[in-house]
Amino acid sequence: MHTVYLGIGSNLGDRQSNILQALQRLRTRGRVEAVSAYFDTPPAGNVEGPSFLNVAVRFSTELEPLELERFLRDLEVAIGRRRTTALAARPIDVDILMIDDLTADFGRFEVPHPYLASRAFNLLPLAEIAGDVREPRSGTTVRELAHAVDARGIVRKARSLQFDANRQDEEPDVRLAINRAGVAKVRRVVHLSIDGKEAAFNGEFAMVADLAPDKAGVHMSRFAELLEEATLDVLSRVEGAGRIEDVVALIAREIVRSQTALRADVRLRADFGLERWTPVSGKRGEETYTLVGIAHADREGTRCVVGVEAEGMTACPCAQAMVREHSVRELMEAGFSQVDAQRAVDALPVATHNQRGRGTIVLGAAGERSREIRAEDLVEIVEHSMSSETYDLLKRPDEFFIVNKAHHNPKFVEDVVRGIMARALEVYADFGDETFVSASQVNYESIHKHDAFAESFGTFGELRAELRTARYPAQRTDLATWLGTRPSAVTA
């Protein structure tokens, strides 16, 4: 493994987003082990455009120097850099500053960078993560080099603008506590591990904290900063990308700390794809599902749940029963005996109205058992609880298969939810009674002007007792109680 120090800069477009994209792509070929703060830097020499945002990165990789250079040039192109003139503004610029203790000329570039000792915009960020490292060409430490360069105009960026005015910490006009205050629909690119596979996803966050009666408001801008810091933290982990519950738990804990909150809740939704084949034609495709992670943090600790949302279709049993009854009567009036009429409708799929549905399962397990929960298993639990799964791409034989399957397997919205709960108990039969599960289904009705909805939840212990005794409990544990967002009414 080579230890590589990189300088990353951007002065075109969304500079911070460009740098984060570069960090995401670096992780596909090695480990990002440290990232400096951002430094705002005026263009050097005759370089065009606005000021640069620069960082330094310690990167560990198996790529040899020439392979690494080719990878970095491809990375720049992928983020939008176009090779026009050497001094043109650019959305991304990645320089190899040092590799191990190499000093050899590797063709199109030298290691270490031949101008490093005079490049303040590289040295200042580099000194933050490699101050004691000696630059091989001169033998001088990076920190000493940084002290010697002209750093005028270069500003280390604080996480936010600093003002003395802090209205959020002042007393409100009405001294009442707020249970949930925060931000929603915050979109970020996140790097996650789903079922052992790492990829970048478009995620949508919601983050809230409680608010004491003597504080006017929460620091809304701080939520966005926490996302940035959490993203960099996950990127810098040696063991690779985090699972969705790792990300939301990290952010929730930091909200409690930074906002001086008693509790905080974070929700992340991210679309992901699974490889699927159509049921008859065998056409390969990728179906899209939604991964869900929810975390609650307080002074006692953190609890998380993970889940998925998946689409399918249902056929209505009630309308089908009426069509079936009417069909038997029609056949008998046409001269069929009742026995023959009944046999006929038994042999054929009976017409009914159908609708697209969206099912959700959320599962929470204590300790390391949560790492055994696979997104693909959850998707199959939801899809198989409906009348039929659906696909983006369908040939005519596939269409027939799905319609025929659905009409032979009619489901109420309530049936789907019960099926999700039962399948979860079967798939995770070895999970303890403290495990939590929640299931919901919404059917987008085709003949009604309303949607149908059903939901169920509880611990495995509560559900197992109910199935064993056929007695409905006075109260089941809901998600908020299991996470600790609010105390159980039973124990309060």
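The values are calculated or read from the model by the stated rules, or taken from the named source; none is laboratory data. Not measured: the values here are computed from a predicted model. Every residue, glycine among them, receives a Cβ derived from its backbone with ideal geometry; neighbour counts consider all protein chains shown. The area values use the complete protein model at the heavy-atom level, side chains included, leaving out ligands, DNA and RNA. Shrake-Rupley method; radii C 1.70, N 1.55, O 1.52, S 1.80 Å.
Miscellaneous remarks
- Along the range 407-423 the Karplus relation, 6.51 cos²θ - 1.76 cosθ + 1.60 evaluated at θ = phi - 60°, assigns HN-Hα couplings of 6, 8, 9, x, 9, 6, 4, 5, 4, 4, 5, 4, x, 4, 4, 5, 5 Hz to successive residues, with x for each Gly and Pro.
- The trypsin sites (Lys or Arg not before Pro) of the range 1-101 that DSSP puts in a loop, and whose beta carbon has at most 14 other beta carbons within 10 Å, are Arg82, Arg83.
- With a simple spin-label model that places each label point 7 Å from the Cα along the Cα-to-Cβ direction, the separation between Lys405 and Val323 comes to 1.9 nm.
- Counting protein heavy atoms only, the range 319-450 has 53 percent of its accessible area on carbon and sulfur, 1.4 angstrom probe.
- Taken one residue at a time, the phi angles of the range 269-282 give Karplus couplings (6.51, -1.76, 1.60, θ = phi - 60°) of 10, 9, 6, 9, x, 10, 6, 9, 10, 5, x, 10, 6, x Hz. Gly and Pro are set to x.
- When the chymotrypsin sites (Phe, Trp or Tyr not before Pro) in the range 274-348 are filtered for DSSP coil states and for at most 16 other beta-carbon atoms within 10 Å of their beta-carbon, the remaining sites are Phe336.
- From phi via Karplus (6.51, -1.76, 1.60), per-residue ³J(HN,Hα) for the range 382-395 in Hz, x at Gly/Pro: 5, 4, 6, 8, 8, 5, 7, 6, 10, 9, 5, 10, 9, 8
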